[in-house]
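All remarks here apply to the structure that follows.
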Amino acid sequence: MKYEVEQKYPAPEAAATEERLRKVAGDFADAVEQVDRYFAHPARDFGQTDEALRIRRVGEKNYVTYKGPKLDAKTKTRREIELPLASGESAAEDFTELLTALGFRRVAEVRKRRRTARFEREGFQVEAALDDVDKLGAFVELELAADEENLDAARDCLAALAAELKLENPERRSYLELLLERVV
């Protein structure tokens, strides 16, 4: 089973952070807009179980993603299952309608502009993302995938990379959690 090992950091000085990242990761891809629609389960509280279900739109592409509970207190290590859906707005709407018919309800939408770079580090394929999140600001996410037997090494890899990049104040809450806290 693969796990997503991720750590996110606020980037109040986005330009300086980007320059440090470029030295490690190289050039970043052009920005893409991601729109994430999150859903509440009809029979359990994802806020209590620390799970998430979303439909992500990236341009015309759509994905449905389940994120399991976080497995540790420092990183956002969790099981992630992501499947492609048909492309286009109507496909996203149709899948939303299917979820609604099953009793799920829309919770919120998170919009961000993301630029990514991929590089190898300590045997892992790392993705660094520079995110500009509507209503929340700039963040850096470091992410990689690991098997269960490599989770400690993956966490250590991200911690060392974050220290090298001078990233501080790790944020374990998701963008959805941060956004919902601002609304309350």
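Show me 152-163, 40-51 ranked by packing, highest mean number of other Cβ atoms within 10 Å first. Don't skip to the end; give the middle numbers.
Values: 152-163: 16.8, 40-51: 12.6.
Highest mean packing first, the order is 152-163, 40-51.
Rounded to a whole number, what is D in µm²/s for region 29-116 from Stokes-Einstein with the Kirkwood radius over alpha-carbon pairs (10 °C, 1.306 mPa s)?
On the way: Rh = 13.9 Å.
The diffusion coefficient I find is 114 µm²/s.
Hey, which aspartates and glutamates would be in cross-link range of residue 23, C-alpha to C-alpha under 17 Å, not counting anything within fewer than 8 residues on its own chain?
13, 120, 122, 127, 141, 164
For residue 48 and residue 23, what does the FRET efficiency come to when R0 = 30 Å and r is the distance between their Cβ atoms, rounded to the nearest 0.05?
Values: r = 41 Å, r/R0 = 1.38.
That pair, residue 48 with residue 23, gives E of 0.15.
Residue 65 to residue 111: extension gain in nm, 0.36 nm per residue of separation minus the Cα-Cα distance?
Numbers: separation 46, 0.36 × 46 = 16.56 nm, distance 1.57 nm.
Here the answer is 15.0 nm.
State the answer as a single residue: which of 41, 29, 142 lies farthest towards the positive end of the charge dipole of the chain, with beta carbon charges of +1 for Lys and Arg and -1 for Asp and Glu, about the Cα centre.
The residue sitting farthest along the positive end of the dipole is 41.
Thinking of region 2-183 as a set of Cα atoms, what percent of all their pairs are more than 28 Å apart?
Values: 3971 of 16471 pairs.
Within region 2-183, distances greater than 28 Å cover 24 percent of Cα pairs.
Where the centroid of each part is defined by its Cα atoms, how far is region 151-166 from region 50-105 in Å?
One Cα centre to the other: 27 Å.
Taken together, the values in this text are just the output of simple stated rules run on the coordinates, not laboratory data. Quick caveat: nothing in here was measured; it's all calculated off a predicted structure. Glycine also receives a Cβ, built like all others from the backbone with ideal geometry; neighbour counts cover every protein chain displayed.
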